[in-house]
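*Asks:* The structure's right below; bear with me while I get my questions together.
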Amino acid sequence: MRQDKPFESAIREKAAELGFAAAGIARADAAPAAGVRLRQWLSEGMHGTMLWMESRAHHRESPAGLWPEVRSVIALGMSYAPAADPLALAEAGETGRISVYAQGGDYHDTVKKALKHLARWIVAEAPDADVKVFVDTAPVMEKPLAEAAGLGWQGKHTNLVSRSHGNWLFLGAIYTTLDLVPDTGGRDRCGSCDACQRACPTDAFPAPYRLDARRCISYLTIEHDGPIPGEFRQAIGNRIYGCDDCLAVCPWNKFAQAAAANRAFAPRAELAAPPLADLLALDDAEFRQVFSGSPIKRIGRDRMVRNCLIAAGNSDSPALVPPVMDLLDDPAPQVRGTAVWALGQLDPQRWQAERAARLAGEDDPAVRAEWLAAR
């Protein structure tokens with residue numbers, strides 16, 4: 001191990017060299033309340049259909065639950081602060097809105113590559129150390145651990161807020177057997193502000209610091225498979241992948257600098273403001289090509305087209321009626337059923353004219369329900 005400076009300082013310097021905008025250290029047992037909150041959240045069913053949260057809760061509750069030998073956690077954050085206003089396209093009905101984090105390259109790849117590089121460097125400097133690296137695909141409570149390591153605090157929207165980077169940090173963690181000197185944990189600085197709570201289009205926050213995923217647009221457009229409940233469809237607006245509203249209104253974003261963002265996360269032109277008509281026309285092969293290297297690829301073509309149909313139905317655009325009509329015969333029931341709804345929103349008379357013939361040949365109960373619903 002290097003002797004010219006504290007190893008903890010050297011870790012932070014190396015992390016910055018690798019593109020991390022924030023780094024801190026916590027003891028592995030520094031966030032005991034996180035497991036209690038997780039169990040309560042799961043018991044109330046607020047995770048919706050994310051059954052993997054429930055099945056590995058015993059691993060997620062604490063770092064030791066996943067790896068008993070862990071002594072310290074190195075929490076790291078990589079900035080993706082946007083240059084443009086995330087809410088700028090709210091009124092652009094024929095354009096889909098993609099969450100800022102998914103407009104560029106897949107953060108999993110970029111963050112994990114840097115985490116592995118840092119982990120190899122730690123082992124080279126401290127050969128007796130064991131390390132494990134995690135992005136958000138593992139059962140790790142990144143946000144409470146990042147708070148414990150001093151990167152920021154979990155705001156009233158449950159996401160991490162940084163004094164320097166606002167809401168715009170991708171989080172990763174390195175677990176290690178090293179006994180490292182911990183940093184001072186983050187302090188809640190939300191105060192009386194409730195901007196994030198008021199901004200939510202679907203009232204997904206039953207209380208400050210609590211999120212009901214079942215009502216969250218990010219959950220509905222990304223994690224939820226099948227038909228999106230009717231009560232949320234109009235509130236989704238033109239959001240086709242995720243939602244930035246609660247993040248974008250946070251006052252702490254005024255300190256975030258787009259120049260600090262990793263270039264890998266710069267928006268791709270075709271994802272910054274995609275025309276809905278183009279996305280509605282995608283088949284599976286075209287979907288894979290358009291979203292190659294993007295985190296969006298994992299939800300698949302059918303779920304994305306379903307989301308775009310919701311946006312089309314909210315657009316008030318007659319130009320989108322033809323592509324919606326084309327999807328009434330789509331092989332995927334969730335696409336077919338959402339196309340029925342979208343047509344009813346855009347052109348009720350056309351919907352009535354199509355109803356009898358389409359209903360007679362439809363055998364999926366959910367799609368039949370869409371045709372039978374009052375318009």
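The values are calculated or read from the model by the stated rules, or taken from the named source; none is laboratory data. Remember, it's a predicted structure, so these values are computed and weren't measured experimentally. Here Cβ is always computed from backbone atoms with ideal geometry, including for glycine, and neighbour counts include all displayed protein chains.
*Asks:* Would a scan of the stretch 234-251 turn up a residue that is part of a loop (DSSP other than H, G, I, E, B) and without any contact (Cβ under 8 Å) to a residue 40 or more places away in the chain?
*Replies:* no
*Asks:* Still on this model: Just the residues that are part of a helix (DSSP H, G or I), of a type outside the set (A, V, I, L, M) and over 17 Å from the mean Cα position of the chain (by Cα), please, taken from the stretch 257-278.
*Replies:* R263, E270, D278
*Asks:* Let me ask you something else. Can you tell me which of (1) modelled with pLDDT under 95; (2) in contact with a Lys or Arg (Cβ under 8 Å, 6 or more places away or on another chain) is the one A264 doesn't meet?
*Replies:* So the condition that A264 fails would be (2).
*Asks:* Continuing with this model, one more query. Got a sec? Which helices (runs of 4 or more DSSP H) wholly within the stretch 1-61 have at least 1 residues that are without any contact (Cβ under 8 Å) to a residue 12 or more places away in the chain and either more than 24 Å from G186 (Cα to Cα) or in contact with a Pro (Cβ under 8 Å, 6 or more places away or on another chain) (or both)?
*Replies:* In the stretch 1-61, 32-43, 51-55, 57-60 are the helices (runs of 4 or more DSSP H) which contain 1 or more residues that are without any contact (Cβ under 8 Å) to a residue 12 or more places away in the chain and either more than 24 Å from G186 (Cα to Cα) or in contact with a Pro (Cβ under 8 Å, 6 or more places away or on another chain) (or both).
*Asks:* Going by the conditions given, is V321 over 21 Å from L220 (Cα atoms), modelled with pLDDT of 95 or more and of a type in the set (A, V, I, L, M)?
*Replies:* The answer is yes for V321.
*Asks:* Do you know which residues across the stretch 186-207 are outside any helix (DSSP H, G or I), within 29 Å of A83 (Cα to Cα) and more than 19 Å from the chain's Cα centre (by Cα)?
*Replies:* Residues satisfying the conditions are G186, R187, D188, R189, C190, G191, S192, C193, D194.
*Asks:* On the given criteria, is A204 touching a residue at least 60 places away in the same chain (Cβ under 8 Å), surrounded by 13 or more Cβ atoms within 10 Å (Cβ to Cβ) and either assigned by TED's automatic domain parsing to the domain that holds A366 or under 15 Å from W41 (Cα atoms) (or both)?
*Replies:* no
*Asks:* Output the number of residues of the stretch 69-80 satisfying the condition of being assigned to a loop (DSSP other than H, G, I, E, B) and either more than 23 Å from the chain's Cα centre (by Cα) or surrounded by fewer than 23 Cβ atoms within 10 Å (Cβ to Cβ) (or both).
*Replies:* 3
*Asks:* Let me ask another. Let me spell it out: the conditions are (1) surrounded by fewer than 16 Cβ atoms within 10 Å (Cβ to Cβ); (2) in a loop (DSSP other than H, G, I, E, B), and I228 meets all of them except one. Which number is the exception?
*Replies:* Condition (1) is where I228 drops out.
*Asks:* Let me ask something else about it. Return the only residue of A259, A277 being among the small types (G, A, S), surrounded by 14 or more Cβ atoms within 10 Å (Cβ to Cβ) and either assigned by TED's automatic domain parsing to the domain that holds T110 or touching a Pro at 6+ places or on another chain (Cβ under 6 Å) (or both).
*Replies:* A277
*Asks:* If you don't mind, another one. Give me the residue from the stretch 337-373 that is more than 31 Å from the chain's Cα centre (by Cα) and aliphatic (A, V, I, L, M) and, out of that set, nearest to P323 (Cα to Cα).
*Replies:* A353
*Asks:* Moving to a separate point now. Which of the following residues is of a type in the set (A, V, I, L, M) and closer than 20 Å to R268 by Cα: A119, A173, A124, A81?
*Replies:* Just one listed residue meets the conditions, A81.
*Asks:* In the list A119, A149, A129, which residue meets the criterion of being small (G, A, S) and closer than 28 Å to R298 by Cα?
*Replies:* It is A119.
*Asks:* I've got another one for you. Would the stretch 111-133 turn up any residue that is in a loop (DSSP other than H, G, I, E, B), of a type outside the set (F, W, Y) and within 30 Å of L282 (Cα to Cα)?
*Replies:* Looking for residues that are in a loop (DSSP other than H, G, I, E, B), of a type outside the set (F, W, Y) and within 30 Å of L282 (Cα to Cα), one finds none in the stretch 111-133, hence no.
*Asks:* Does any residue in the stretch 335-351 that is free of Cβ contacts under 8 Å to residues at least 40 places away in the same chain and outside the structural domain of P318 (by TED's automatic domain parsing) come within less than 8 Å, Cβ to Cβ, of a residue that is buried (at least 24 other Cβ atoms within 10 Å of the Cβ) and assigned to a helix (DSSP H, G or I) six or more places away or on a different chain, and which pairs are these?
*Replies:* none
*Asks:* For the stretch 88-97, indicate whether the set of residues that are in contact with a Phe, Trp or Tyr (Cβ under 7 Å, 6 or more places away or on another chain) and outside any helix (DSSP H, G or I) is non-empty.
*Replies:* There is no residue in the stretch 88-97 that is in contact with a Phe, Trp or Tyr (Cβ under 7 Å, 6 or more places away or on another chain) and outside any helix (DSSP H, G or I).
*Asks:* Condition test on V140, is it in the same structural domain as R239 (by TED's automatic domain parsing) and assigned to a loop (DSSP other than H, G, I, E, B)?
*Replies:* yes
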